[in-house]
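**Q** Mind having a look at this structure? Questions to follow.
Every read-out reported here was derived from the displayed coordinates using simple, explicitly stated rules and does not represent laboratory data. None of these values were measured; they are calculated from a predicted model. Please note: Cβ atoms are built from the backbone with ideal geometry, for glycine as well, and neighbour counts cover all protein chains shown.
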Amino acid sequence: MLVEWMAPYVFQHGDYQTMITEYTRAVKVLSEFADSGQFYDSLSYCCEALAFAYANYEDYEMCLAYLEKACEYAEKQDQQGIVEIIEDMMMEDEKVSLKNSMLQAINSNERQVYDPIRTTERFQAIDRRLSE
């Protein structure tokens, strides 16, 4: 199963159908174990990658649905008190929450594909949830 390491390759090559196929499969498998609380970070990552892929196909309904799921999993991860350490974003000994990480990602220059939906109520609600 391909998860986090696959995204840079498919982003670079624009192979969004492979991304949809593989990340949908990953979400299905990982969600079977979501109640254990061990895979919320991977589920959030996979759902945001799916949102990105659907946005590239201009399927904004699916994009928003996956962004909402990604946000939900990021919230669950952070509620557990577990933080993700992201080396490129870290200052000395700083830890970044998954919600904060996702907020930075969806608002980055790499996510201009979300520009057509940034003013929608659903996107703004996601942004607010991640900012809390």
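**Q** Which distance in nm do the two modelled labels at ARG111 and SER131 give, with both placed 7 Å along the Cα-to-Cβ direction?
**A** 1.4 nm
**Q** Go through 35-47, 64-76, 113-125, 17-29 and give me the packing order, highest mean Cβ count within 10 Å leading.
**A** Values: 35-47: 20.0, 64-76: 21.9, 113-125: 13.8, 17-29: 17.8.
In descending order of packing, they fall as 64-76, 35-47, 17-29, 113-125.
**Q** Would you please give the FRET efficiency between PHE33 and ALA65, computed as 1/(1 + (r/R0)^6) with r the Cβ-Cβ distance and R0 = 22 Å, to the nearest 0.05? Display every interim value, and only then the final one.
**A** Numbers: r = 21 Å, r/R0 = 0.97.
About 0.55, to the nearest 0.05.
**Q** Modelling each spin label as a point 7 Å along the Cα-to-Cβ direction, I'd like the GLN124/ASP15 distance in nm, to one decimal.
**A** My value for the distance between the label points is 3.9 nm.
**Q** Local charge sum around ILE117 (other residues, Cβ-Cβ under 13 Å, Lys/Arg +1, Asp/Glu -1)? Write down the numbers at each step before the final one.
**A** Details: positive: ARG111, ARG118, ARG122; negative: GLU58, ASP59, GLU61, GLU68, ASP115, GLU121, ASP127.
With Lys, Arg at +1 and Asp, Glu at -1, the net is -4.
**Q** So what's the net charge close to THR21: Lys and Arg +1, Asp and Glu -1, counting the other residues with Cβ under 14 Å from its Cβ? Intermediate results must be reported in sequence, preceding the final value.
**A** On the way: positive: ARG25, LYS28; negative: ASP15, GLU22.
Result for the local shell: 0.
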